[in-house]
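What follows is one structure encoded as structure tokens, with my remarks underneath.
The values are calculated or read from the model by the stated rules, or taken from the named source; none is laboratory data. Keep in mind it's a predicted model, so treat the numbers as computed, not measured. Cβ coordinates were reconstructed from backbone atoms using ideal geometry, including for glycine residues, and neighbour counts include every protein chain displayed.
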Ligand code: FE
């Protein structure tokens, strides 16, 4: 078992409101879990009630990190102050490197029906916080799906699986792995991970068993996040129903983090500078 990862801690999300009144569940970036270096925030949104999401996220800035939006259902239109615009559709990914700064809006395109997905914030190293903004956007058909012998399927957004399926997004600064994994009831899924990268499993359908540090199986339920220990491999066994989860990992930055709303820098002075630049129209 040497090198196997186990569950260090299980986190439940916290219901919150953001943007212009969007109801969501914050799983990373709450009082339960401040961050998991380099992951600063994980928001989960899932509602069939337009009142929960229709007001969207009107124009707001970002600086110093990346926002990763992955939609399971529905459509989200985004537009920024540099003229970049598009729609993220069901199964699509937008990996936005905010760098030195963008001002954008993120608005549900649909008027009704289910809207579901995730937004993950990933920190940038000090050396690249002021980099030129960059988008990596891929619709569902451009995200490869690997199928394993037991019927498990893995959508690979970034990084490569142990079987060599690689996702379209590239980010060498934190070398992330972002997988959307579906495992049939009672079946198991194992995957190699870089030993010292921080990693989590966020379960969004069914339940799953993962091992703890005693080698006992613990149950992780829908909407729970399991923080993993370091190690070379993770195994997840689906419960009595099929399980679907995100498996996400990346290299920790181990740098000081200063936060100010939509800005994440290394020092309070850099946060003051970000507000000053934004308020002076320098984004
Ligand atoms: Fe945003």
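Do we have any residue at all in segment 142-162 that's within 16 Å of the ligand (Cβ to nearest atom) and within 14 Å of the chain's Cα centre (by Cα)?
The answer is no, given that none of the residues of segment 142-162 is within 16 Å of the ligand (Cβ to nearest atom) and within 14 Å of the chain's Cα centre (by Cα).
Do you know which of the residues in segment 87-113 that are at pLDDT 95 or above and more than 14 Å from the ligand (Cβ to nearest atom) is farthest from residue 205 (Cα to Cα)?
Only one residue tops the list, namely 100.
Return yes when residue 66 is without any contact (Cβ under 8 Å) to a residue 40 or more places away in the chain and either in contact with a strand residue (DSSP E or B) (Cβ under 9 Å, 6 or more places away or on another chain) or closer than 22 Å to residue 277 by Cβ (or both) and no when it is not. Talk me through it step by step, then tell me what you get.
Values: without any contact (Cβ under 8 Å) to a residue 40 or more places away in the chain: no; either in contact with a strand residue (DSSP E or B) (Cβ under 9 Å, 6 or more places away or on another chain) or closer than 22 Å to residue 277 by Cβ (or both): yes.
The answer is no for residue 66.
Scanning for something in contact (Cβ under 8 Å) with a residue 24 or more places away in the chain and within 16 Å of the ligand (Cβ to nearest atom), does segment 271-281 turn up at least one residue?
The answer is yes, given that some residue of segment 271-281 is in contact (Cβ under 8 Å) with a residue 24 or more places away in the chain and within 16 Å of the ligand (Cβ to nearest atom).
Among the residues of segment 241-281, count how many are outside any strand (DSSP E or B) and either in contact with a helix residue (DSSP H, G or I) (Cβ under 7 Å, 6 or more places away or on another chain) or at pLDDT 95 or above (or both).
The total comes to 25.
Which of the following residues is modelled with pLDDT of 95 or more, surrounded by fewer than 19 Cβ atoms within 10 Å (Cβ to Cβ) and more than 30 Å from residue 216 (Cβ to Cβ): 59, 50?
Just a single option satisfies the conditions, and that option is 59.
When you check residue 120 against the structure, is it within 29 Å of residue 277 (Cα to Cα), within 15 Å of the ligand (Cβ to nearest atom) and buried (at least 21 other Cβ atoms within 10 Å of the Cβ), yes or no?
Yes; evaluated as a whole, the condition is true for this residue.
For segment 25-36, check the following and say yes or no: at least one residue is without any contact (Cβ under 8 Å) to a residue 12 or more places away in the chain, under 19 Å from residue 264 (Cβ atoms), away from the ligand (no atom under 12 Å from the Cβ) and in a loop (DSSP other than H, G, I, E, B).
So far as segment 25-36 goes, yes, one or more of its residues are without any contact (Cβ under 8 Å) to a residue 12 or more places away in the chain, under 19 Å from residue 264 (Cβ atoms), away from the ligand (no atom under 12 Å from the Cβ) and in a loop (DSSP other than H, G, I, E, B).
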